[in-house]
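The values are calculated or read from the model by the stated rules, or taken from the named source; none is laboratory data. Just so it is clear, the model here is predicted, and its values are computed rather than measured. Here the Cβ positions follow ideal geometry from the backbone for every residue, glycine too, while neighbour counts run over all protein chains shown. Heavy atoms of the whole protein, side chains included, go into the accessibility calculation; ligands, DNA and RNA do not. Shrake-Rupley method; radii C 1.70, N 1.55, O 1.52, S 1.80 Å.
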Amino acid sequence: MFIKYIVVGALALTLLSSCSDDNSSNTTPSNTSPSPKVDQSLPSVEVTKNAIQVGKDYHSFANPESIKVTHLSLDLTVDFTKKVLVGTAQLDFERVDVNAQQLILDTRDLTIDGVTAKGKEINFDLASADSFLGAALTIDIPADVNSVLISYQTSPKASGVQWLTPEQTAGKKHPFLFTQAQAIHARSFIPLQDSPQVRMTYEATIRTPIELLAVMSASNEPDTPRDGVYQFSMPQPIPAYLIALAVGDLHFKPMGERTGVYSEKGILDAAAAEFADTESMLIATEKTFGPYSWERYDLLILPPSFPFGGMENPRLSFITPTVIAGDKSLVALIAHELAHSWSGNTVTNATWRDLWLNEGFTTYLTYRIMQMIYGDERFEMEAVLGRQDLQADIDSLPANDQIMAIDLRGRDPDDVFSNIPYEKGALFLRELEHKVGRENFDQFLLGYFEKFAFKSITTDQFVSYLDQTLLKDHSANLSKQRIEQWIFQPGIPDGAPVPKSDAFSVVDQARDDWLAGKIQANKIDSEKWVVHQWLYFLNNMPEKLSQEQLADLDKTFALTNSKNNEIAHSWLLISVNNWYQPAFNRLHDYLTSIGRNKLVKPLYKALSQTPDGKVMAQKAFAEAKPGYHPLTVKANEGFVQ
Ligand code: BES
Ligand code: ZN
């Protein structure tokens, strides 16, 4: 064992040293099952049982260590009748290994019609598909060739594309299409090296029905004539998971000099009003964390089936309409997707194990942006709610899934979504901030974003950077051991920062008095409560409430009819757990009109706990399924079987 450790450890060291900040990749040829190696930088307890190869992307078959794609040129026709994208992808590449003879790409459910180089057919092999990684496409590359043209089409069931019928849109007249590539779904609509450590520039020609507009995570021209042919270019190198396309009856409204919103006409004004602070957020973030690298920052508001709250597609974040609450109460989502322009899109996680580098930094920045724009009270409330979400996961997830640098070998990233990379990551960064002081920490972040701009980095690269910078300058307050505990161990280290909110103390008092029967709900002084206080009020109710208590709350606060989708979610969850039937019509409506997984999954899960609940879940799911995104279907179908 010891000898084996030394040998493999030496190999890991070699890999690590080649893994500098130059965006070099460390994958081994990987069209076979990945071979495990030792991660030298893990604490010793981990080393013996752990064999993760640092920097290896276990979720891609691609071979960027031999040949690296640098530019993509797409020409796709959007066929709403057949629900397919059909056309060509030209991939330009560089040889990292001068003798490389094969280019290996990721695909999922693609039909490959042919591959040419310099106008001549060349050989390719499409392997049989892995259950969640898709199928490797291996192309034989002649020595004098550095570009290939692949003719292909997608499948109607492509995991990264949702095709909506006109009835499933707000306007009801035109179909709609959108893609969602993170984590490993770009391969279901483009054959490419679908690994976040491969960055490429791209251009695209998208051909649509003449009355529709196409937008992409690239330069968009709001005034472009609607002629059914749209051109895009993304001049900064980005990873595949940030390539995005949407097509629909879209309109544009500017919000500021560099910000605007695209959506269907019916919600355009409401969206522009809700997100009117986007430009100020952009300016404030730039001021603190360095220049915005992407020229414009626009939002695309999707139909309610969008499976996430938001997706940080560069220059054009994709946003759920479920956060248009009328009072800007849920706009932390916009701060979050905007913050990804720095953490995620400029500095990118090298593998999905390193997701916390994207999401933890972004969650930390989100809190900071919210504080800058809306003040301390809002910031404190959001921090407490975030800490509670984190605690719920710490209390329910197995130890290994509480580790920020999580071992995802053999696992589908879609199945491992939790608050750990987000809120634990953010809490860790807040601790660093507290230990070194905000000014110093901001300086550190500024330097980090600059140093690793347009690079994809591993957790281990971050740790060594931290070691050389903050840790060196503040050795009295920071220790490597503590940092490794945060990143490589489960749980929350003792002494972690504890977010507090005075605005929540009054809510605690009111809840306690009401639960103790001291007051009726109508005596709660809630007139001035904001959405966060309501969420805190509801989320901290005991598990069991009586029908009388529920009726008292509902009668007084009209919770079943709440227009705020987060409040409605919390209330419906309580209603399911306590079988409060007056809320069940709303529950059915909710489940059949919203596809955002974070909002529907806990409800399906709660319903599935009882036989009667399961029947309700089955009914809602059957009705909603045609309009759900493939990811929402996959995440919830287990609850209705
Ligand atoms: N990039 C994520 C969404 C994502 C993560 C998709 C991992 C696939 C795999 C996005 O920025 C995000 O975090 N969205 C959250 C926002 C929330 C934390 C404010 C969401 O959708 O709920
Ligand atoms: Zn995010």
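In units of 2.2 N^0.38 Å, what is the alpha-carbon radius of gyration of the stretch 54-157?
Working: Rg = 14.0 Å, N = 104, 2.2 N^0.38 = 12.8 Å.
Compactness ratio reported: 1.09.
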Show me, bin by bin at 5 Å from 0, the whole-percent P(r) of the stretch 183-256 based on Cα pairs.
3, 15, 24, 22, 17, 12, 6, 0
With a probe of 1.4 Å, find how much accessible area the chain has per residue, and write the answer as a whole number in Å².
39
Quick one: ranking Phe61, Phe462 by accessible area, 1.4 Å probe, largest first, what do you get?
Phe61, Phe462
Just for the stretch 198-356, what percent of DSSP beta bridges are antiparallel, to the closest 5?
65
For the stretch 192-317, report the translational diffusion coefficient in µm²/s to the nearest whole number, using Stokes-Einstein at 37 °C, 0.692 mPa s, and a Kirkwood Rh over Cα pairs.
213
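Could you calculate the contour length gain from Lys528 to Lys172, that is, 0.36 nm times the residue separation minus the distance between their Cα atoms, to one decimal place in nm? Kindly include the intermediate steps, with their values, before the conclusion.
Working: separation 356, 0.36 × 356 = 128.16 nm, distance 3.79 nm.
Using 0.36 nm per residue and subtracting the Cα-Cα distance, I get 124.4 nm.
Evaluate 2.2 N^0.38 Å with N set to the residue count of the stretch 416-492, then give the Cα radius of gyration divided by it. Don't jump to the answer; show the numbers that get you there.
On the way: Rg = 12.5 Å, N = 77, 2.2 N^0.38 = 11.5 Å.
Ratio of Rg to 2.2 N^0.38 Å for the stretch 416-492: 1.09.
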All-pairs Cα distance distribution in the stretch 248-407, expressed in whole percent, bin size 10 Å:
11, 38, 36, 14, 2
Could you grab the Rg to Rh ratio for the stretch 78-117? Cα atoms only, Kirkwood for Rh.
1.08
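So for Phe80, Phe252, what's the accessible-area order with a 1.4 Å probe, most first? Walk me through the numbers before you get to the answer.
On the way: Phe80 35, Phe252 55 Å².
I get Phe252, Phe80, largest accessible area first.
Determine the alpha carbon to alpha carbon distance for each of Lys56/Lys455; Lys528/Lys598; Lys544/Lys605; Lys424/Lys500; Lys528/Lys555 and list only those over 26 Å.
Details: Lys56/Lys455 15 Å; Lys528/Lys598 28 Å; Lys544/Lys605 17 Å; Lys424/Lys500 16 Å; Lys528/Lys555 18 Å.
Beyond 26 Å: Lys528/Lys598.
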Would you list Thr224, Thr320 from the most to the least accessible area, probe 1.4 Å?
Thr224, Thr320
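For Asp415 and Gln388, what does the FRET efficiency come to when R0 = 25 Å and r is the distance between their Cβ atoms, rounded to the nearest 0.05? Show your work: numbers first, answer last.
Details: r = 23 Å, r/R0 = 0.94.
Efficiency at R0 = 25 Å is approximately 0.60.
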Counting only Cα, what are the radius of gyration and maximum Cα-Cα distance Dmax of the stretch 335-396, in Å?
12.8, 36
Relative frequency of Cα-Cα separations exceeding 18 Å in the stretch 98-171, percent:
51
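Tell me whether the stretch 395-552 comes out rounded, prolate or oblate; compute the Cα gyration tensor, take square roots of the eigenvalues as a ≥ b ≥ c, and use a/c under 1.5 as the rounded threshold.
On the way: a/c = 2.84, a/b = 1.92, b/c = 1.48.
In terms of gyration-tensor shape, prolate.
For the stretch 278-370, what is Rg from Cα atoms divided by 2.2 N^0.38 Å, rounded to two decimals?
Working: Rg = 12.7 Å, N = 93, 2.2 N^0.38 = 12.3 Å.
Rounded to two decimals, the normalised Rg is 1.03.
Rounded to the nearest 500, what is the chain's calculated 222 nm mean residue ellipticity when only DSSP H runs of at least 4 contribute -39500 (n - 2.57) each, over all residues?
Details: 20 runs with 232 residues, N = 641.
Using -39500 (n - 2.57) per qualifying helix, the result is -11000 deg cm²/dmol.
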When only alpha-carbon atoms count, how far does the stretch 494-555 stretch along each of its three principal axes, as whole angstroms with the largest first?
40, 26, 20
Restricting to bridges with both residues inside the chain, how much of the DSSP beta-bridge set is antiparallel, in percent to the nearest 5?
75
With every protein chain in place, the chain: carbon and sulfur % of accessible area (1.4 Å):
51
With Rg from the Cα atoms and Rh as the Kirkwood inverse mean 1/r over Cα pairs, the stretch 125-219 has an Rg/Rh of 1.01
For the chain, list the DSSP H helices whose alpha carbon atoms reach 27 Å or more along the long axis and whose average Kyte-Doolittle value is 0.0 or above?
355-374
For the stretch 557-641, take the alpha-carbon Rg, divide it by the Kirkwood Rh, and send me Rg/Rh.
0.93
Counting other Cβ atoms within 10 Å, keep those with at most 11, restrict to DSSP loop, and tell me which GluC sites (Glu not before Pro) in the stretch 497-590 are left.
Glu527, Glu543
So, for the Cα atoms of the chain, Rg and Dmax in Å stand at 24.8, 83
